[in-house]
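> Input: one structure, supplied below.
The values are calculated or read from the model by the stated rules, or taken from the named source; none is laboratory data. These numbers were taken from a predicted model, which means no experiment stands behind them. Here the Cβ positions follow ideal geometry from the backbone for every residue, glycine too, while neighbour counts run over all protein chains shown. All accessible areas refer to the heavy atoms of the entire protein, side chains included, with ligands and DNA or RNA removed. Shrake-Rupley method; radii C 1.70, N 1.55, O 1.52, S 1.80 Å.
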Amino acid sequence: MVGTDHLPLSRHVEMHLGGDGPFAAEMGTILGRIAFIGRRLSHDIARAPLLGRLGLAGGDNVSGEAQKKLDVVANDLLVEGFSGIGSIAMILSEELDEPLLPDGGGGGAYVLCIDPIDGSSNTEINGPLGTIFGIYRRRGGGAGAGIPLPQGSEIVAAGYILYGPSTLLVYTAGDGVYGFTLDAGQGEFLLTHDRIRCPAKGRYYSANLGGRRGWDLNLGRYLDWVTEKDPGTRRPYSLRYIGALVADLHRSLIEGGLYFYPGSAGKPDGKLRLLYECAPLAFLTEQAGGRASTGTRRILELETHTAHQRCPLVIGSADEVAIYEGFLKNGKPN
Ligand code: F6P
């Protein structure tokens, strides 16, 4: 699976998306811009303690979460980087109260949804962080505020950047999933993970078990099942939770396993946001052969009602997600 020819991202998009059609050209521009911003962010994140960019920014985002300085830096870089790109009609960001219409939201064919910094509770502890992006085909609507919110079924490309020991950009444009490692010296993302396939099974599970008492009782049964000893199914599974969805999902994609953030008594829709967290990662995971659902419904079939709407998420290895869904429905694996 690990590629040896280290093709640069720009060349890969050109070759892989089929040369001169408009889709290839538009994705080339958009992904090129994401890579450019990702390089800047990788540099800024690595130097954040030196630049005084750790800690809180002083305000809350629209979801009521305290913004970190890096959330603001990353959001500004992305918004600035995508202003003036004619193909983007609207930008939705976790850090912006309202959708942004670059250049008045004129003729662009796509809507860009971003989580500029995923896992920002990790900024102070030098833990992994991410950036998530989803590119949706714009559905009709006039210019300006008349552009409708995208639906999951309209997503055409998605990916994430994982800022860890190396910086990795993983993307799909609907035909497989590819990972590129940043060579900072060369200033290029180079292909290192060709056609990522998520193993159907895996023995890692990732969740914030602190919320367990508020969950559906059947999820308690699921946790009993994953921690039960059964060598035939390689149980007990091992718990791994980093607090950055991108990093936890990346493990599942490479080694197998699942991540879940269910709804709870006071928060039936959980924590994660549909348009810039769940749907992009669901699209990418399905492209890698995995699955993503709320536990009862496929993420990409949910209807969008508001820009920052939340939904429960279970995502990762196809068989493991199916077992989780079985427990949620019946209190047993299927
Ligand atoms: O907001 C997204 C996120 O930071 C994910 O990256 C992460 O998995 C989750 O929230 C962590 O939330 P909690 O602190 O509730 O475990």
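> Keeping all protein chains in place and using 1.4 angstrom, which order do K267, K229 fall into by accessible surface area, from largest down? Don't skip to the end; give the middle numbers.
On the way: K267 115, K229 170 Å².
The ordering from most to least exposed comes out as K229, K267.
> Let me ask something else about it. Give me the one-decimal nm value for the distance between modelled label points at D175 and H43, 7 Å along each residue's Cα-to-Cβ direction.
About 3.3 nm separates the two model spin labels.
> Report the full-extension gain for the segment L239 to N208: residue separation times 0.36 nm, less the Cα-Cα distance, to one decimal in nm.
Values: separation 31, 0.36 × 31 = 11.16 nm, distance 0.99 nm.
That works out to 10.2 nm of additional length.
> Under the √(5λ) rule applied to the eigenvalues of the Cα gyration tensor, what semi-axes describe the equivalent ellipsoid of the chain? Give them in Å, descending.
Equivalent ellipsoid of the chain: 30, 22, 21 Å, largest first.
> Also: Based on Cβ point charges of +1 for Lys and Arg and -1 for Asp and Glu, what charge dipole magnitude is obtained for the range 204-330 about its Cα centre, in debye rounded to the nearest 20?
Working: 16 positive and 14 negative charges, 66 e Å.
Taking the Cα centre of the range 204-330 as origin, the dipole is about 320 debye.
> Return the calculated 222 nm mean residue ellipticity for the chain, to the nearest 500 deg cm²/dmol, obtained by summing -39500 (n - 2.57) across DSSP H runs with n ≥ 4 and dividing by the residue count. Present the calculation step by step, with values, prior to reporting the outcome.
Details: 8 runs with 94 residues, N = 334.
One gets -8500 deg cm²/dmol as the mean residue ellipticity at 222 nm.
> Expressed in nm², what is the orientationally averaged projection area of the convex hull enclosing the Cα positions of the range 198-334?
Values: hull surface 30.1 nm².
Approximately 7.5 nm², given one-decimal rounding.
> Over the range 286-334, what per residue volume does the convex hull of the Cα atoms give, in whole Å³?
Dividing the Cα hull volume of the range 286-334 by its residues yields 76 Å³.
> Also, I was wondering about something else. Report for the range 204-330 the percent antiparallel among DSSP-assigned beta bridges with both residues inside it, nearest 5. Don't jump to the answer; show the numbers that get you there.
Values: 10 of 14 bridges.
Antiparallel bridges: around 70 percent, rounded to the nearest 5.
> Here is a follow-up. Any idea how far apart S153 and L56 come out in nm if each label point goes 7 Å out from Cα toward Cβ?
4.3
> Run the dipole for the chain about the Cα centre, Lys and Arg Cβ at +1, Asp and Glu Cβ at -1, nothing else charged, and hand back the magnitude in debye, nearest 20.
Numbers: 32 positive and 37 negative charges, 210 e Å.
Magnitude of the dipole: close to 1020 debye.
> Here's something else I'd like to know. Taking 0.36 nm per residue of separation and subtracting the Cα-Cα distance, what length does fully extending D224 through H16 add?
Here the segment from D224 to H16 would lengthen by 70.5 nm.
> If you don't mind, there's one more thing I want to ask. Averaged per residue, what accessible area in Å² does the range 204-330 show with a 1.4 Å probe, protein chains only? Please list the in-between numbers first.
Working: 5110 Å² over 127 residues.
Solvent-accessible surface per residue comes out at 40 Å².
> Enumerate by residue number the trypsin sites (Lys or Arg not before Pro) in the range 20-119 meeting two conditions: DSSP loop (anything except H, G, I, E, B), and at most 12 other Cβ atoms within 10 Å of the site's Cβ.
On the way: sites: R33, R39, R40, R47, R53, K68, K69; in loops: R47, R53.
Sparse-neighbourhood loop trypsin sites (Lys or Arg not before Pro): R47.
> Just name one of N218, T131, V72: the one whose Cα is farthest towards the positive end of the charge dipole of the chain (beta-carbon charges, Lys/Arg +1, Asp/Glu -1).
My answer, from the dipole projection, is N218.
> For the range 116-175 and the range 227-292, compute the distance between their C-alpha centroids and round to whole Å.
Each part's Cα centre sits 17 Å from the other's.
> Something else now. Ignoring ligands, DNA and RNA, please state the percent of accessible area on the range 114-195 from carbon and sulfur, probe 1.4 Å. All intermediate terms of the calculation are to be shown ahead of the outcome.
Values: 1360 of 2730 Å².
The nonpolar share, carbon plus sulfur, comes to 50 percent.
> What ranking of L168, L50 comes out by heavy-atom accessible area, probe 1.4 Å, highest first? Walk me through the intermediate numbers first.
Details: L168 15, L50 145 Å².
Ranked list, largest accessible area first: L50, L168.
> Something else now. At a 10 angstrom cut-off on C-beta neighbours, averaged per residue, how do the peptides 5-12, 129-136, 58-65 rank from highest to lowest?
Working: 5-12: 16.2, 129-136: 27.6, 58-65: 11.8.
My ranking of the peptides, most packed first, is 129-136, 5-12, 58-65.
> Enumerate the residues in the range 144-159 having an amide nitrogen under 11 Å from the point lying 7 Å beyond the Cα of F23 toward its Cβ.
Counting backbone N atoms under 11 Å from the label point, the list is 156-157.
> Something else now. Just to compare against my own numbers: the Cα pair-distance distribution for the range 9-193, 5 Å bins, whole % per bin, please.
The calculated distribution, bin by bin, is 1, 8, 17, 20, 20, 16, 11, 5, 2, 0.
> Stretch E255-T306 to full length: gain in nm at 0.36 nm per residue minus the Cα-Cα span?
Contour length minus Cα-Cα distance gives 14.9 nm.
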